[in-house]
Amino acid sequence: MGVTFAMKSWIRNTARMAAGFAGAVFGLLVLLGTGAALAGTGQPSPWQINLQGAASPVMESIHSFHFFLLVIIVAVVLLVLVLLIVVMVKFNEKANPVPSRTTHNTLIEVVWTVVPVLILVAIAIPSFRLLFLQLDLPKADLTVKVTGHQWYWSYEYPDNGAFAFDSMMVQTADLQPGQPRLLAVDNEVVVPVNKVIRIQVTAADVIHSFALPSFGVKIDALPGRLNESWFQATKEGVYYGQCSELCGKDHAFMPIAIRVVSEADFASWVEEAKQKFAAVDAPAPQVAQIEPAAGVAISAR
Ligand SMILES: [Cu+2]
């Protein structure tokens with residue numbers, strides 16, 4: 001009687017534990033759903049859990065691949081959970097006092113080797129397809145050269161008059177209404193909508209990484225090396241990214257802002273930019289100007 005009672009409460013505890021776990025999984029899925037709903041496009045949003053919204057074909061593929069992996073992971077977790085519960089309930093010392101001495105089962109061993117291999121192959125195929133999509137560049141309509149510096153980005157438009165400019169973060173005190181803190185910049189990159197933009201990425205000093213979540217772009221900026229990637233923005237708007245390689249003390253303060261506009265707006269921006277940045281052939285090095293103290297003679301003058 002006492003043993004039966006103890007066993008029953010044990011099963012009850014296990015059931016309670018399983019229910020708690022299932023509740024947690026359900027809660028997590030609800031949270032993920034809410035997170036997805038909260039996920040902004042072009043910039044992060046409060047309580048966001050999922051990836052940022054997609055605004056390019058590559059990011060759309062990343063979204064589907066991410067969801068595909070989530071389905072596989074949930075299935076694997078549930079299978080392992082069920083197996084654990086079966087083992088705990090059926091094969092505990094009280095339910096099964098005389099254990100079997102089985103040590104091998106060829107069928108099960110083949111299954112638990114082959115099934116994980118098949119799962120990995122099923123993951124590898126879309127994964128490689130996605131890698132090729134990201135790094136095998138389609139014919140580009142426009143090239144933008146991106147150079148990472150400590151701690152800002154500079155951009156060149158070789159196809160549109162070869163003007164170049166630096167892009168600095170807007171300080172919190174100078175933010176205009178609607179500009180996100182730590183993401184807004186003084187000179188945005190402007191590109192036309194629905195055009196294939198090739199980006200050539202390098203760095204002038206240390207390793208940086210050019211990353212723009214909504215376009216599915218993340219590529220290292222290495223001194224002495226030219227990396228390439230691409231995006232095709234499908235919606236007009238402003239999209240923000242950040243340097244994604246620890247590059248020094250102001251790593252967190254070198255955001256990327258890309259404004260996607262219509263083709264006509266892009267053409268007029270190019271004309272404006274040619275005038276505005278004409279004087280900036282080679283971006284001036286960002287050296288602090290030290291004012292000489294009053295009364296100090298500077299012999300070099
Ligand atoms: Cu950096």
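Since every read-out is calculated from the coordinates, none of them should be taken as a lab result. Predicted, not measured: the structure shown is a model, and the values here were computed from it. Please note: Cβ atoms are built from the backbone with ideal geometry, for glycine as well, and neighbour counts cover all protein chains shown.
Miscellaneous remarks
- About the Cα centre, charge dipole magnitude for the stretch 142-276 (Lys/Arg +1, Asp/Glu -1 at Cβ), debye: 260 debye
- Each part gets one Cα centre, and for the stretch 103-166 versus the stretch 48-78 those centres are 14 Å apart.
- Low-density loop positions, GluC sites (Glu not before Pro), the stretch 80-158 - DSSP coil, at most 15 other Cβ in 10 Å: GLU93
- DSSP-assigned coil residues among trypsin sites (Lys or Arg not before Pro) in the stretch 64-134, each with at most 13 further Cβ atoms within 10 Å: LYS94, ARG101
- Net charge over other residues, Cβ less than 15 angstrom from the Cβ of PRO57 (K, R count +1; D, E count -1): +2
- Partners for LYS195 among lysines (Cα-Cα distance below 17 Å; same-chain residues under 8 apart left out): LYS139, LYS145, LYS235
- Candidate cross-link partners of LYS276 among the aspartates and glutamates, defined by an alpha-carbon separation under 19 Å and a same-chain spacing of 8 or more, comprise GLU156, ASP159, ASP166, ASP186, GLU188, ASP265.
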